[in-house]
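I have placed the structure first, in the form of structure tokens, so that the comments after it can refer back to it.
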Amino acid sequence: MLGSAMNPLRACKEPSKEIVAFNEVNRLCWTNHDVLWIAWRGIGEYMGGDKLEWARGLKNKTIRHMIADCFAFVRDHDEYMLDELKKGFTDVSSY
């Protein structure tokens, strides 16, 4: 949702450090969106078939690790978004 919200904030604007930050946050949000679809598919959501059978897939260590990796990726990208917003809206010398 945040990725979609960035679009009107940056549309038809002259380049500035704020717009660069919005562009980067938008990119990071959509990357997170795509990665979370990997996790959804790992648990069988929106895949059709027997939901209980898909849930049994969580017994598979590889699937659990893949989902955990997706969550770690999103966690890291949330931090990157905050960093980008700080760069775009604060004086860099205050770091």
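Quick notes
- Residues of region 49-70 that are out of contact with any helix residue (DSSP H, G or I) (no Cβ under 7 Å at 6 or more places or on another chain) and assigned to a helix (DSSP H, G or I): LYS51, LEU52, GLU53, TRP54, ALA55, ARG56, LYS59, LYS61, THR62, HIS65, ALA68, ASP69.
- In region 1-22, the residues that are modelled with pLDDT of 70 or more and of a type in the set (A, V, I, L, M) reach residues that are in a loop (DSSP other than H, G, I, E, B) and surrounded by fewer than 14 Cβ atoms within 10 Å (Cβ to Cβ) with C-beta atoms within less than 9 angstrom, at least six apart or across chains, in these pairs: ILE19/LYS13.
The values are calculated or read from the model by the stated rules, or taken from the named source; none is laboratory data. In this text, all values refer to a predicted model and were calculated from it rather than measured experimentally. Glycine also receives a Cβ, built like all others from the backbone with ideal geometry; neighbour counts cover every protein chain displayed.
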